[in-house]
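The values are calculated or read from the model by the stated rules, or taken from the named source; none is laboratory data. In this text, all values refer to a predicted model and were calculated from it rather than measured experimentally. Cβ placement follows ideal geometry from the backbone for every residue including glycine, while neighbour counts extend to all protein chains displayed.
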C-alpha cells in the first residue's frame, strides 16, 4: 500500500530560513526548475480573497505531476468562525495534483496554550487530517539549541564547527540562520576541510557581521594594546556614528563592572550568564575581560567615559577625537584624567 501524499502543508514559526529550505526541497521534487516555477503560484493572505483558494488550487499542473500554491499569512483575513469554517472546507477539497503550502511566520499555538490543550484552529485541523495534511513547526532556535543547529548546519555543508565557535557565530549574526549559512560556507572554505572551524576563525572572518567587534576593542584596551585598540575603534567608526560607538563602549564597561562584582561576590562563572540575564557567549567574553581588570580600573574607565560624554556635549572636543583620546590615554595611563576643565 503506497503512502498517501499530503495536499496541504502547514509551516508555522519564526525560522524563516528553515521554512524556505523545506519549500525549496518541495519545489525540487517537481523536476525541471523552469516547469516547477511555471507550476508555482504565490499568494499573500493579507490581500488574497480566501474564497478564491479552491479555484486557484484546483487548476491542473502543466507538464508536471503536481503544482504548488504557496499562501503566506493564510489566517490574516479569517476573522470570523464562519470564514474559518469555509476556509477549512476548501482545504478538505484540495486535489492531490496540488501541494498547498500555508506559511504562518509565527508560532500559531503558544506553548502555554499547548500545555493546556488550546490548539490553534488551523493547526488542529492539520492534526486531525493526517491523510491530507502535514504540519511543520519551525520556531526560531535560541541558546544551546541554536548552537547545536549551527553545528548540524556545518556538518550538512561538509565540515565541522567547535561549540565555542558556533556560539560566537550565533552572537555575531544575531541568530540569523540565513547569515549563519552564508558565514559557514565562507568559514568552511577558509579552513578547507582540514580542521573544525574555531572561535578564532569566526572572529577573524565574521566580525564585520556586526560592523566591527566591541569585544575586540575592549580586549585590546584591557591589554593596554594602543595600536589594536585604535585600529578597532577606527573599524567601528567606518560603520557607526559616535553615539552608537559610545553607547556600545559604555554598555560594555557597565557589564564588565557587573561581571567583576559577580566574581567578587563568589558567584560561579557558569552562573554569571543567568545572573546578569545575558547571552552565554557574551558572558564568556565578559569573564575573560573582567579577569584582566580590577574593579578600580573598571570604575576609572567608566568615569573617563563620562568625561568623554561631557567634553563632546559641551563642544570641548570633537566626538571622534574624544574617543581617540579615551583609547590613547586609557592604554597609556589608565588612571589619568582625560580632559582639563
Filter the stretch 85-107 down to residues that are over 22 Å from residue 26 (Cα atoms) and in contact (Cβ under 8 Å) with a residue 24 or more places away in the chain and give me whichever is surrounded by the fewest Cβ atoms within 10 Å (Cβ to Cβ).
86
So the check is Cβ under 8 Å with 6+ separation or different chains; which pairs have a first residue in the stretch 283-310 that's touching a residue at least 24 places away in the same chain (Cβ under 8 Å) and not assigned by TED's automatic domain parsing to the domain that holds residue 218 and a second one that's in a helix (DSSP H, G or I) and buried (at least 19 other Cβ atoms within 10 Å of the Cβ)?
none
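Matching residues to (1) more than 23 Å from the chain's Cα centre (by Cα); (2) under 18 Å from residue 165 (Cβ atoms); (3) at pLDDT below 85:
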site: 201; (1), (2), (3): no, yes, no
site: 252; (1), (2), (3): no, no, no
site: 257; (1), (2), (3): yes, no, no
site: 265; (1), (2), (3): yes, no, no
With 278, 325, 249 as the choices, which residue is within 24 Å of residue 175 (Cα to Cα) and in a helix (DSSP H, G or I)?
249
With the structure loaded, tell me whether residue 30 is closer than 23 Å to residue 79 by Cβ, touching a helix residue (DSSP H, G or I) at 6+ places or on another chain (Cβ under 8 Å) and in contact (Cβ under 8 Å) with a residue 12 or more places away in the chain or whether it fails that test.
no
Any chance the stretch 15-27 includes a residue that's within 30 Å of residue 152 (Cα to Cα), in contact (Cβ under 8 Å) with a residue 40 or more places away in the chain and in a loop (DSSP other than H, G, I, E, B)?
yes
Would you confirm, using the coordinates I've provided, whether residue 78 is assigned to a loop (DSSP other than H, G, I, E, B) and in contact with a helix residue (DSSP H, G or I) (Cβ under 6 Å, 6 or more places away or on another chain)?
yes
Just checking, does the stretch 244-266 include any residue being within 16 Å of residue 320 (Cβ to Cβ) and without any contact (Cβ under 8 Å) to a residue 12 or more places away in the chain?
yes
